[in-house]
Amino acid sequence: MPPDLQLTDLPTEILLCIFKLLDTKTLGSLSCCCRRFYELMLTDLIWIDHSKSVIICNQLSETILKRSKKCLKAREKCRISINWKVGSYDEQSYSTRVKYMPWLVLERDRLWLSRGEKLLGFDRHEGYWRHMIKWKNPSVVLDEGGHVSDIWKFVVTDENIISGSLDGSICIWSEEKGVLLSKKEKCHGSKADVRCIDSARDIVVSGSNGKTLRVWKLEDGFLADVPEQNLFLPDSIWSLAIEPHSNTVCCGTNGLLSSSSLKLFDLESGNVTNFDFGILGVAISDIKWLSTETFLTCGFDCIVKLWDKRSVTRNRQTVFCSLRNRTTW
């Protein structure tokens, strides 16, 4: 080997094999060395193995792919994941005169958010991210004939948008036509609001501050007159999520009482299972299923946790992960 041979003198094929073995931090430093190394770093072959284990943007889930505007290249996934870990980001603010706490649902072509008793839809455009959403011009405004008080939460299905409000009503909107299909008032009693709602297949599940969880039959955009199931819990229900491939509903309460604030409800048998470890006294503000057995929760303890429902029957030990302390998950 000639003594004056340098790394830049090696063939491209050899360099690619070497670069594949390096970590992302070293690859970033090498891209600043010279133009040739920078151009080689644009090759996805180097980043493919690293992109399989990144957080936030691996796009392995069908749900994530369905709502993604574009499929990210391997190098882009690694770059975004590193920015997430170190807290490097740009932001675009949506401001109003009145202070609202909106609920957000992101789709491939549209971002939905609640503002008071209204649902606003903003189209997502191609190009630089700052121009993807034009906040001043919502493409769809859903409010006519609907709620008379603030919307707590809503869910977007393949055909409809189903929303629950402080006035205790559930509204079903047509996403395609942008009109109200039906409205059912006082779904949980005369003084109870609808704090959480979810839908899968032909059922709608709603929860309220009246400590009730109700299962409704959905047909042609209308809820049944009487709920199919009615479950009473010791605390107000703040969140719920239906596992789309089974008959399991996970619900979270405000955690004010000594009982567990995380519960599983079987739609077929009506049985309720409590998660009794590490969750007492913590309000659950949102739940997201990852698979038929695992789901995420977030609450007022400032931690996102990963749960496995099979752990209830395995020596009664709950498995959870904290995103606050673990950055590789």
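Using a ≥ b ≥ c from the Cα gyration tensor of the stretch 54-122 (square roots of the eigenvalues), is it rounded, prolate or oblate, where a/c under 1.5 gives rounded and otherwise the larger of a/b and b/c decides, a/b for prolate?
oblate
Using helices alone, I'd like the mean residue ellipticity at 222 nm for the chain: each DSSP H run of four-plus residues gives -39500 (n - 2.57), total over residue count, nearest 500.
-4000 deg cm²/dmol
So what is the relative contact order for the chain, in percent, with contacts set as C-alpha pairs under 8 Å and at least six apart?
7 percent
Quick one: if you stick a label point 7 Å off each Cα along the C-beta vector at Leu306 and Arg36, how many nm between them?
4.1 nm
Can you pull out the chymotrypsin sites (Phe, Trp or Tyr not before Pro) in the stretch 1-96 that DSSP calls coil and that have at most 11 other Cβ atoms within 10 Å?
Counting only loop positions with at most 11 other Cβ atoms within 10 Å, the chymotrypsin sites (Phe, Trp or Tyr not before Pro) in the stretch 1-96 are Tyr89.
Out of the GluC sites (Glu not before Pro) in the stretch 59-119, which ones are loop residues according to DSSP with at most 10 other C-beta atoms within 10 Å?
Glu91
Taking the chain as a Gaussian network, Cα atoms linked when under 10 Å apart, which of Leu65, Leu15, Leu181 shows the biggest mean-square fluctuation?
Leu15
Run the 1.4 Å probe and let me know the accessible area of Cys33, rounded to the nearest 10 Å².
Approximately 90 Å² of Cys33 is accessible to the 1.4 Å probe.
With the chain treated as a Gaussian network of Cα nodes joined by springs under 10 Å, which of Asn230, Asn274, Asn83 yields the largest mean-square fluctuation?
It is Asn83.
For the chain, modelled as a Gaussian network with Cα springs under 10 Å, which listed residue fluctuates most, Pro244, Pro227, Pro11?
Pro11
What is the magnitude of the charge dipole of the chain about its Cα centre, with +1 placed on the Cβ of each Lys and Arg, -1 on the Cβ of each Asp and Glu, and no other charges, expressed in debye to the nearest 20?
Approximately 840 debye in magnitude.
Which net charge results for the neighbourhood of Leu27, defined as the other residues with beta-carbon distances under 15 angstrom from its beta-carbon, given Lys and Arg at +1 and Asp and Glu at -1?
So the surrounding residues net to +2.
Excluding Ile46 itself, calculate the net charge of residues whose Cβ lies under 15 Å from the Cβ of Ile46, where each Lys or Arg counts +1 and each Asp or Glu counts -1.
+2
What are the ³J(HN,Hα) values, in whole Hz, obtained from phi via the Karplus relation 6.51 cos²θ - 1.76 cosθ + 1.60 with θ = phi - 60°, for each residue of the stretch 48-55 in sequence order, with x given for Gly and Pro?
For the stretch 48-55, the Karplus-derived couplings read 4, 5, 5, 6, 6, 10, 6, 9 Hz, x marking Gly and Pro.
Under a plain spin-label model, where a point goes 7 Å from the Cα along Cα-to-Cβ, how far apart in nm are Thr294 and Glu107?
A separation of 2.9 nm, rounded to one decimal place.
Find the all-direction average of the projected area of the Cα convex hull for the stretch 135-261, expressing the result in square nanometres with one decimal place.
8.6 nm²
At 1.4 Å probe size, with the rest of the protein present, what percent of the exposed accessible area of the chain is carbon and sulfur atoms?
52 percent
In percent, what relative contact order does the stretch 4-71 have, based on Cα pairs under 8 Å that are 6 or more apart in sequence?
Answer for the stretch 4-71 is 22 percent.
Between (1) 86, 54, 35; (2) 57, 49, 38; (3) 72, 54, 42, which entry matches Cα extents along the principal axes in Å as derived from the coordinates of this structure?
(1)
Could you work out how far apart the two model spin labels at Leu16 and Phe232 are, taking each label as a point 7 Å from the Cα in the direction of the beta carbon, and quote it in nm?
6.8 nm
The values are calculated or read from the model by the stated rules, or taken from the named source; none is laboratory data. None of these values were measured; they are calculated from a predicted model. Cβ coordinates were reconstructed from backbone atoms using ideal geometry, including for glycine residues, and neighbour counts include every protein chain displayed. The protein model used for the area step is the full one, side chains on, heavy atoms only, and it has no ligands, DNA or RNA in it. Shrake-Rupley method; radii C 1.70, N 1.55, O 1.52, S 1.80 Å.
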